[in-house]
Amino acid sequence: MNAPSAWTVKPPAPDPAARERARERQNGLTKPRGSLGRLEQLAITLCALQATDRPSVERVAISVFAGDHGVCTEGISAFPQEVTAQMIANFASGGAAISVLANHLGASLDVVNVGTVTPPDHQLPGVRHEMVSAGTANLARQPAMTDDQAVAALRVGDTAAARAAENHGQLFIGGDMGIGNTTAAAALACALLDEDPRNLVGPGTGLDSEGVSHKARVVERALERHGTGREPLSVLASLGGLEIAALTGAILGAASRRIPVLVDGFIVSVAALVAVRQQPALRDWLFFAHRSAEPGHQRVLAALDAQPLLDLGMRLGEGSGAAVAVPLMRLACDLHNDMASFEDAGVSNRS
Ligand SMILES: Cc1cc2ncn([C@H]3O[C@H](COP(=O)(O)O)[C@@H](O)[C@H]3O)c2cc1C
Ligand SMILES: O=C(O)c1cccnc1
């Protein structure tokens with residue numbers, strides 16, 4: 001199976017003329033230049049990405065990808081593996097945090113099962129079953145996925161991005177659900193950044209300090225087994241997860257269809273890091289929503305030269321941190337589109 005084209009083809013460039021017009025407009029609005037701080041830059045960047053003079057993120061497309069992790073047998077999560085499938089049912093019935101947030105935002109919520117150990121429940125409304133395998137293998141002992149499985153998961157993500165484009169999505173948010181995925185994400189980040197696991201492994205759903213030390217040793221074993229710093233597909237296959245690979249494919253797929261991406265917390269940022277390593281120009285398409293309380297997120301954000309919008313101590317995943325930042329982006333758009341200029345309002349500009 002071939003990787004989706006967004007894996008091999010450079011993403012499109014932002015529109016420099018739209019960026020310049022947006023900068024001029026911001027400078028002519030009734031406020032001292034720069035006084036709306038990063039909200040100004042947000043609007044200007046959105047204009048360049050959406051190639052428009054009137055940026056909008058009213059139509060938000062959210063895809064949550066779920067997958068199980070073989071590394072759970074090493075005792076690296078505070079919660080049991082079956083929670084992944086149980087949460088899929090919770091997404092479907094509207095009870096999860098991301099369900100509530102998506103509803104509030106009027107966003108579409110696409111739930112995709114990329115591979116749970118619990119057999120998929122085909123009765124669940126609104127859940128897509130695109131199982132690549134029944135969870136990954138234990139990455140501490142063998143490759144989590146074959147290259148073919150990783151490619152299939154990239155394609156699942158790319159297909160979700162294609163749906164977002166068909167629905168005229170103006171902003172894409174990816175979310176993760178997979179018990180054990182903070183272990184896989186930390187392992188991936190360590191391999192790509194050549195970091196010591198003790199710097200990137202954290203409590204995830206709530207391990208105590210002994211649990212975190214054990215988790216770091218599991219990641220260390222995985223890195224000894226698989227090595228570090230190799231090309232993105234083999235790192236993703238050996239240390240990643242089905243939902244993480246799908247997120248990587250979705251982020252690349254969204255940018256390739258000219259949809260800006262609002263990146264969530266630790267897990268999604270690691271998926272974005274894999275994608276940026278494969279296609280460095282992807283970085284232009286990424287907004288970073290929040291700084292997760294998962295300690296490794298800070299290092300990943302630094303590697304991506306990212307300054308997140310919010311720092312609320314959230315550490316949930318599901319795309320929840322990104323959803324919480326959408327109202328700020330909407331406000332940045334309204335200010336850009338609806339404020340009066342000095343000229344229109346008859347307000348004297350600085351001398
Ligand atoms: C009820 C529940 C809902 C969640 N929603 C997201 N996660 C998050 O926590 C998990 C990662 O943490 P760890 O690596 O420690 O297992 C992932 O499923 C992630 O999406 C959840 C976790 C739980 C328990
Ligand atoms: O920041 C995240 O993405 C995160 C943190 C803890 C658990 N699950 C996800």
Inset, instruction - Select, from 255, 245, the only residue that is touching a Phe, Trp or Tyr at 6+ places or on another chain (Cβ under 6 Å) and either away from ligand 2 (no atom under 16 Å from the Cβ) or within 24 Å of residue 72 (Cβ to Cβ) (or both). - result: 255
Legend entry - Pair list, Cβ under 9 Å, 6 or more apart: segment 254-281 residue farther than 21 Å from residue 317 by Cβ, other residue within 16 Å of ligand 1 (Cβ to nearest atom) and assigned to a helix (DSSP H, G or I): 278/248
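Is one or more of the residues making up segment 280-289 within 18 Å of residue 186 (Cα to Cα) and within 16 Å of ligand 1 (Cβ to nearest atom)?
no
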Inset, instruction - For residues that are within 16 Å of ligand 1 (Cβ to nearest atom) and either assigned to a helix (DSSP H, G or I) or under 21 Å from the mean Cα position of the chain (by Cα) (or both), tally how many sit in segment 200-234. - result: 18
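If you go through segment 48-85 one residue at a time, how many are more than 19 Å from residue 138 (Cβ to Cβ) and of a type in the set (D, E, K, R)?
4
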Inset, instruction - Name the residue, out of 274, 268, that is within 16 Å of ligand 1 (Cβ to nearest atom), surrounded by 23 or more Cβ atoms within 10 Å (Cβ to Cβ) and assigned to a helix (DSSP H, G or I). - result: 268
Legend entry - Matching option when the condition is away from ligand 1 (no atom under 16 Å from the Cβ) and either surrounded by fewer than 24 Cβ atoms within 10 Å (Cβ to Cβ) or in a helix (DSSP H, G or I) (or both), among 117, 156, 100: 156
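Results for (1) surrounded by fewer than 23 Cβ atoms within 10 Å (Cβ to Cβ); (2) more than 16 Å from ligand 2 (Cβ to nearest atom); (3) aromatic (Phe, Trp, Tyr); (4) modelled with pLDDT of 95 or more, shown as yes or no for each residue.
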| residue | (1), (2), (3), (4) |
| --- | --- |
| 224 | yes, yes, no, yes |
| 240 | no, no, no, yes |
| 307 | yes, yes, no, yes |
| 313 | yes, no, no, yes |
Inset, instruction - Give the number of residues within segment 170-199 that are assigned to a loop (DSSP other than H, G, I, E, B) and crowded, with 24+ Cβ neighbours inside 10 Å. - result: 3
Legend entry - Extreme residue, farthest from residue 234 (Cα to Cα), among residues of segment 277-305 that are part of a helix (DSSP H, G or I) and touching a strand residue (DSSP E or B) at 6+ places or on another chain (Cβ under 7 Å): 285
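The values are calculated or read from the model by the stated rules, or taken from the named source; none is laboratory data. The structure presented is a predicted model; accordingly, all values stated were derived computationally and were not measured. With ideal geometry, Cβ positions are generated from the backbone for all residues, glycine too; neighbour counts draw on all protein chains shown.
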